[in-house]
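Let me begin by presenting the structure, written as structure tokens, before commenting on it.
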Amino acid sequence: MSPANEPRLSKAEKTAQAREKARAIREEQLKKEKRNKLLVGWGIVAAVVVIITVIAFVFIGNAQNNAPVADQGPTPANGNVHGGITLLTNTEVVKSEPASVNVADVPAPLATKPATVTVPAGEAEAGKPVKVVAYIDFICPACKQFETAYGESLTNLRNEGKISLEYRALGFLDRQSTTNYSSRAANAAACVVNSSPEKYAEFFDLLFERQPAEGGAGISDNDLKKMATEIAAANIDSCIDSKQFRPWVKVATQEAAAIGITGTPTVFVDGKQWDGRSDLNAEIQAASDAKG
């Protein structure tokens, strides 16, 4: 039947048809709105789950980082009982016999800071290069400035055999991060020197190059592990996870405080404390000349 021959709808029929069409459109719109509400609802639920998961990981991570550290433990291979690692020519470090440290062996802190601090095992040795001992903290901005000012010249002097350079990394500024970063970074460096001594200097430099700002969480343990991998050091994952050398760092930190060291960097040249203002290179040269 042609359109011309189709029966014409009455006004009532047209109205009913329009209403039915409007009803169908309205139903479809309601279904769409319902679907959207469900999607939004599930999206909110998923977001909440993600947030809770992140918070849980942060909480667990912080709890682990801030958990009490044992009072005794091993020294790393190539590290001494005073928390020191000594760099010689190029990538060589001083070897050391296995040992253990205990907080109970640390002397009680002095009542007042002495006029002259005597650094254990930091004195001049006859017939040997000038001994430079530097107490540092990996989150300490002044330590980074020290490395910027003197790192290259100290490297050159040890490569020339004129000095041995011992770094003692402390946890003095653990309070300046939410995760005890100073001690964690020192532990990571100890993990590297324990298994890859030839990579210690490079890892040391990288820690200062990427030094985090005070007040935050610092570099995560996972990123510290990645940094070791980045410089092709042996895997230190289990060493970091177990906090293997945190007792060693703890003992070094308490020993430093006990002998009167109050901040970092604190540097000794053949047992004599550098004042931090004069030219360190000149001090080293004077000590070298004194050896004859």
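The values are calculated or read from the model by the stated rules, or taken from the named source; none is laboratory data. This structure is a prediction, so every number in the text was calculated from the model and none was measured. Positions of Cβ are generated from backbone atoms using ideal geometry, with glycine treated the same way; all protein chains shown enter the neighbour counts. Surface accessibility is based on the protein's heavy atoms, side chains included, excluding ligands, DNA and RNA. Shrake-Rupley method; radii C 1.70, N 1.55, O 1.52, S 1.80 Å.
Residues checked against (1) more than 30 Å from A290 (Cβ to Cβ); (2) assigned to a helix (DSSP H, G or I); (3) in contact (Cβ under 8 Å) with a residue 24 or more places away in the chain:
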{"residue": "C239", "(1), (2), (3)": "yes, yes, yes"}
{"residue": "P247", "(1), (2), (3)": "yes, yes, yes"}
{"residue": "E255", "(1), (2), (3)": "no, yes, yes"}
{"residue": "T264", "(1), (2), (3)": "no, no, yes"}
{"residue": "R277", "(1), (2), (3)": "no, no, no"}
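Yes or no, residue by residue, for (1) among the aromatic types (F, W, Y); (2) buried (at least 18 other Cβ atoms within 10 Å of the Cβ); (3) at pLDDT below 95; (4) not in a helix (DSSP H, G or I):
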{"site": "F172", "(1), (2), (3), (4)": "yes, yes, no, yes"}
{"site": "S182", "(1), (2), (3), (4)": "no, yes, no, no"}
{"site": "A185", "(1), (2), (3), (4)": "no, yes, no, no"}
{"site": "A189", "(1), (2), (3), (4)": "no, yes, no, no"}
{"site": "K199", "(1), (2), (3), (4)": "no, yes, no, no"}
{"site": "D205", "(1), (2), (3), (4)": "no, no, no, no"}
{"site": "K225", "(1), (2), (3), (4)": "no, yes, no, no"}
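Which of the residues spanning segment 122-166 are out of contact with any Pro (no Cβ under 6 Å at 6 or more places or on another chain), surrounded by 14 or more Cβ atoms within 10 Å (Cβ to Cβ) and either within 17 Å of K250 (Cβ to Cβ) or among the aliphatic types (A, V, I, L, M) (or both)?
Scanning segment 122-166 gives A124, V130, V132, V133, Y135, D137, F138, I139, L154, L157, L165.
Residue check: is I284 under 23 Å from F203 (Cβ atoms) and either in contact with a strand residue (DSSP E or B) (Cβ under 6 Å, 6 or more places away or on another chain) or buried (at least 21 other Cβ atoms within 10 Å of the Cβ) (or both)?
no
Go through segment 207-223 and give me each residue that's part of a loop (DSSP other than H, G, I, E, B) and crowded, with 22+ Cβ neighbours inside 10 Å.
Correct list: G218, I219.
Which one of these is among the acidic types (D, E) and surrounded by 13 or more Cβ atoms within 10 Å (Cβ to Cβ): D289, D275, D237?
On inspection, the qualifying residue turns out to be D237.
Using the structure shown, decide if T118 is open to solvent by 30 Å² or more (accessible area, probe 1.4 Å), under 22 Å from K291 (Cβ atoms), assigned to a loop (DSSP other than H, G, I, E, B) and hydroxyl-bearing (S, T, Y).
So T118 fits the description; yes.
Do we find that K37 is at pLDDT below 80 and of a type outside the set (A, V, I, L, M, F, W, C) in this structure?
yes
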